[in-house]
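What follows is a single structure, written as structure tokens, with notes after it.
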Amino acid sequence: MGVCHADKNTDELSLCYANRSAALFYQGLYQACLEDIRRSLEAGYPSHLQDKLQTRQTACQNQLRKAEKPNIPHTDHQLSPCQKTVNSTGHLSDGVSVYFSSDKGRHMLVMENKPAGEVVLEDEAYCSVLIPANIFNTGTNKAVETFGTEDRHCHHCLSQSLSFVPCPKCSYARYCGESCQKDAWDQWHQWECPVGADLLAIGVLGHLALRVVLKAGQTEVQMGIKNTKDHVTTYKNDSPVQLSLGGDCGKSLDHTDCFHGSSYMGIYSLLPHVAQHSPASRFLMAITMAVIYGKLQGGPPPNKWMSFKDEGVKASWQPEMSMLGATALRHMMQLRCNAQAITAVRVKEESGMAVQSSSEIRIATAIFPVLSLLNHSCSPNTSISFTTGFQPDPHNQLGCSEGHFDHPKGSRSGVTVTVRASKDLTAGQEILHCYGPHRSRMEVKERQRLLLEQYFFQCVCQACQRDLSEGSPNAKEHTAPGMKCVKCGKPLQSHTDGYTCSWSSCGHQISSADVQNRLQGFQLLLDEAVHLMEQDRLNEALHILQSAFSQANSILTETHPFQGELADALARLYASTGEWSLAASHLKRSLVAIQAQFGEDSIELGRQLFKLAQLHFNGRDGVASLSVIPRARRLLSLHCSPRCEELQELSEMEHCLQGLL
């Protein structure tokens, strides 16, 4: 924070860099330390103190030389299989094709069988925008702290860093290195910087829309406009037509039946759904872009939007500015249905806790030209994972490295998505992606409402049809999932007014309101216990969790989601006290609920098995740990990159245990 807020090229800035280099040195981040030493000297670090920096510099260089000894593999200039480059057209795996039909629009099919876990698509974000740390609650008009993404991630490639380089003109934007700083400045930030406060106020989608059009430039936008005007024909039948990259287009007014790969035309051709947006929404988006339009008019035109009259004489850029504003408005409408959340698993930082909790959080919003072509299913057959940064060199430790790419780094975003089959796919099957509302987390009526409101379609996926035909969301024969009779323990049947015991000899009834009150009471107890755990008041937390466990068992079966949360909390508490065996037994109990809710091949189950392997390992039960590791690895491999931390740690645990047993 000191580096970001210090005046540029001052003693204050040089001292901030020097002090940060000391912290990085003691963290063992020697390459990052050397970079900060260089920056400190360039900023004018006082000469009478430079001996300290030189000593630290020598120590860093010695440590890095040790890491380069022959017995330690050096992989600076080679790519592992999980570091495939993504070219400017995106990467469809062999046997995957893009098709068009009038009912589905553009969509992707597998033309050959694909096993679960195989990569079917890789795509690079055209642009992305970090989600600000402070967002405003519209109800209270108060700032709500979120995840501090702009303090942790590069504002260009989204990689995590501890040694940011700030924008030379503002204290908000920061980058993992000078290379990302320059790329962002050249592409968009020099025009975003003066209106940064306004961009934060209008929100992420407006900011992203502007960034897309600034990066594209006048030539690309004009090409998109020209193409949509020049080609108008219609289809004579509804049979799916295979599309080839760069093949014949122009069968629709706006090129929405063409495959453009990861080019800008792949963004421009996405449907803006103008008619589906409400008048109020269209008005608000137009006003938003008009405000930014007015702000940008006061400065010089972006390089890619500049026109000239005579030699070196800049013409008025009013026509170009109008085109920029109108195109940004088009993109803002497109982003309502095509923006993709970039997620990451983050460990909750709790002082004094022996065991930390983690959760998946949203760090940024991006637009992916090829990923946007996938249709939705509430029970998808794919999973996605994200890679940020420009493939870091393992010896660089933090920040981005250059190279390893098949086109210039300056044109890249540094954010890629990998789509894997989460189930076995058969030839001719459509590749389906979940837009957010998922069957395992949401009832069918709520899913359909949200999809209609945001994406303007009535979902008719197999999961929705099955749930609607059964009459009760996510249930078979009207059986209430995870609920049992408090008198006899038999399953409960759900109906309009509440629940009835499925055993005719019992017939006990309970109202929906009573069930909701009980569940809310259980949740309050769990929340209170977790809060006490974070304060290291473990005995009090244990008493509350045991009480909640006893009460929940009277009405909830072991498959109910709350039973999974409760068992997970108990496992975490016992792990905090070093009672690994007890922790493992409770975590095993949570597996039943998680598998019932998310499925036997879900990433949620894989992550829970990963935690179970950790507990067995920490409890020195090597045999039990080795029995869990293969299943955890198989599930995580279906959804995650081979480089993900969980898979790496599983391999390390397995290697260690095999050497001992």
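In the range 578-593, what residues are under 30 Å from residue 492 (Cβ atoms), among the small types (Gly, Ala, Ser) and crowded, with 18+ Cβ neighbours inside 10 Å? Talk me through it step by step, then tell me what you get.
Step one: filter the range 578-593 for residues under 30 Å from residue 492 (Cβ atoms), giving 585-593.
So of that shortlist, the ones also among the small types (Gly, Ala, Ser) come out as 585, 590, 593.
Once the filter is applied, which keeps residues that are under 30 Å from residue 492 (Cβ atoms), among the small types (Gly, Ala, Ser) and crowded, with 18+ Cβ neighbours inside 10 Å, the range 578-593 yields 590, 593.
Of the conditions (1) open to solvent by 10 Å² or more (accessible area, probe 1.4 Å); (2) among the aromatic types (Phe, Trp, Tyr); (3) modelled with pLDDT of 90 or more, residue 172 satisfies every one except a single condition; which number is it?
That leaves (3) as the condition not met.
I need a count of the residues in the range 435-454 that are part of a helix (DSSP H, G or I) and open to solvent by less than 30 Å² (accessible area, probe 1.4 Å). Steps first, please.
Our first condition is that a residue be part of a helix (DSSP H, G or I); within the range 435-454, this holds for 444-454.
If we keep only those that are open to solvent by less than 30 Å² (accessible area, probe 1.4 Å) as well, we get 444, 447-448, 451.
Total meeting the criteria: 4.
Give the residues of the range 38-56 that are open to solvent by less than 30 Å² (accessible area, probe 1.4 Å) and assigned to a helix (DSSP H, G or I), sorted by residue number.
Once the filter is applied, which keeps residues that are open to solvent by less than 30 Å² (accessible area, probe 1.4 Å) and assigned to a helix (DSSP H, G or I), the range 38-56 yields 39, 40, 53.
Filtering the range 617-654 down to residues that are under 21 Å from residue 580 (Cβ atoms) and in contact with a Ser or Thr (Cβ under 6 Å, 6 or more places away or on another chain), which residue is most open to solvent (accessible area, probe 1.4 Å)?
617
All but one of (1) buried (at least 19 other Cβ atoms within 10 Å of the Cβ); (2) among the hydroxyl-bearing types (Ser, Thr, Tyr); (3) modelled with pLDDT under 90 hold for residue 126; which doesn't?
Every condition holds for residue 126 apart from (3).
Residues checked against (1) at pLDDT below 85; (2) in a helix (DSSP H, G or I); (3) open to solvent by less than 80 Å² (accessible area, probe 1.4 Å):
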{"position": "192", "(1), (2), (3)": "no, yes, yes"}
{"position": "201", "(1), (2), (3)": "no, yes, no"}
{"position": "207", "(1), (2), (3)": "no, yes, yes"}
{"position": "212", "(1), (2), (3)": "no, yes, yes"}
{"position": "232", "(1), (2), (3)": "yes, no, no"}
{"position": "242", "(1), (2), (3)": "yes, no, no"}
{"position": "254", "(1), (2), (3)": "yes, no, yes"}
{"position": "265", "(1), (2), (3)": "no, yes, yes"}
{"position": "286", "(1), (2), (3)": "no, yes, yes"}
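Could you check, for the range 500-507, whether at least one of its residues is in a loop (DSSP other than H, G, I, E, B), without any contact (Cβ under 8 Å) to a residue 12 or more places away in the chain and open to solvent by less than 60 Å² (accessible area, probe 1.4 Å)?
Yes - at least one qualifying residue is present in the range 500-507.
Checking the condition farther than 23 Å from residue 561 by Cα and of a type in the set (Lys, Arg), which residue from 631, 643 passes?
Going through 631, 643 in turn, the sole match is 643.
Could you say which residue among 596, 613, 575 is open to solvent by less than 10 Å² (accessible area, probe 1.4 Å) and in contact with a Ser or Thr (Cβ under 8 Å, 6 or more places away or on another chain)?
Numbers: 596 fails: open to solvent by less than 10 Å² (accessible area, probe 1.4 Å); 575 fails: in contact with a Ser or Thr (Cβ under 8 Å, 6 or more places away or on another chain).
Answer to the selection: 613.
How many of the residues in the range 156-203 are closer than 21 Å to residue 29 by Cα and either free of Cβ contacts under 8 Å to residues at least 12 places away in the same chain or not polar (S, T, N, Q) (or both)?
Of the residues in the range 156-203, 12 are closer than 21 Å to residue 29 by Cα and either free of Cβ contacts under 8 Å to residues at least 12 places away in the same chain or not polar (S, T, N, Q) (or both).
The values are calculated or read from the model by the stated rules, or taken from the named source; none is laboratory data. Quick caveat: nothing in here was measured; it's all calculated off a predicted structure. Positions of Cβ are generated from backbone atoms using ideal geometry, with glycine treated the same way; all protein chains shown enter the neighbour counts. Areas reflect the complete protein model, heavy atoms only, side chains present, ligands, DNA and RNA absent. Shrake-Rupley method; radii C 1.70, N 1.55, O 1.52, S 1.80 Å.
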